[in-house]
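Some notes on the structure that comes next.
The values are calculated or read from the model by the stated rules, or taken from the named source; none is laboratory data. What you see is a predicted model, and the numbers here were worked out from it, not measured in a lab. Here the Cβ positions follow ideal geometry from the backbone for every residue, glycine too, while neighbour counts run over all protein chains shown.
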């Protein structure tokens with residue numbers, strides 16, 4: 001596989017180039033996802049942190065995993081006290097239940113209810129994967145290419161605004 005060309009420091013967007021079309025598609029995806037999240041929050045009557053928590057728990061469910069309140073806090077980048085308030089709101093709405101940790105009988109595992117799954121499906125107009133159901137039909141080759149691209153973009157986001165790295169001078 002050949003090496004991609006280096007990205008110039010002074011990148012100028014060219015919407016007619018191959019890379020420009022990919023960048024435009026990523027921007028369109030980001031915009032659509034932000035609007036989708038806003039509509040979903042409105043339809044479900046929950047805030048951004050509550051929706052992020054529901055989505056986090058749903059992703060874990062697809063892997064047959066669960067989360068503890070402290071995992072929600074770490075995912076949201078907030079204190080355990082703040083995450084507890086968010087979890088309590090979701091419990092009150094009937095979207096989440098707390099289950100006793102089967103290993104030690106003391107800790108809590110959070111589980112989404114059928115009520116939230118139904119509410120999201122009605123609000124989003126689709127199944128549990130929603131807009132992502134299109135990826136289910138990708139070939140092995142297509143999957144590898146998409147994963148490679150998205151991994152690179154994700155790394156750019158992860159490394160790009162690092163909390164321990166100050167912004168460059170203007």
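Tabulated data
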{"quantity": "Residue within the range 14-21 that is at pLDDT below 90, over 25 Å from residue 81 (Cα atoms) and touching a helix residue (DSSP H, G or I) at 6+ places or on another chain (Cβ under 7 Å) present", "calculated": "yes"}
{"quantity": "So residue 96, is it within 20 Å of the chain's Cα centre (by Cα) and either at pLDDT below 85 or farther than 18 Å from residue 62 by Cα (or both)", "calculated": "no"}
{"quantity": "Residue match in the range 100-108 (condition: surrounded by 14 or more Cβ atoms within 10 Å (Cβ to Cβ) and under 24 Å from residue 121 (Cβ atoms))", "calculated": "no"}
{"quantity": "Residue identified as in contact (Cβ under 8 Å) with a residue 40 or more places away in the chain and either exposed (fewer than 14 other Cβ atoms within 10 Å of the Cβ) or not assigned by TED's automatic domain parsing to the domain that holds residue 96 (or both) among 77, 45", "calculated": "45"}
{"quantity": "Hey, residue 61 under 28 Å from residue 147 (Cα atoms) and in contact with a helix residue (DSSP H, G or I) (Cβ under 8 Å, 6 or more places away or on another chain) or not", "calculated": "no"}
{"quantity": "Residues (outside any loop (DSSP other than H, G, I, E, B), touching a helix residue (DSSP H, G or I) at 6+ places or on another chain (Cβ under 7 Å) and surrounded by fewer than 17 Cβ atoms within 10 Å (Cβ to Cβ)) located in the range 85-96", "calculated": "89"}
{"quantity": "Candidates 59, 68, 145, 63 - the one that is modelled with pLDDT of 90 or more, closer than 24 Å to residue 158 by Cβ and not assigned by TED's automatic domain parsing to the domain that holds residue 28", "calculated": "145"}
{"quantity": "Residue match in the range 52-68 (condition: in contact with a strand residue (DSSP E or B) (Cβ under 8 Å, 6 or more places away or on another chain), in a loop (DSSP other than H, G, I, E, B) and touching a residue at least 24 places away in the same chain (Cβ under 8 Å))", "calculated": "yes"}
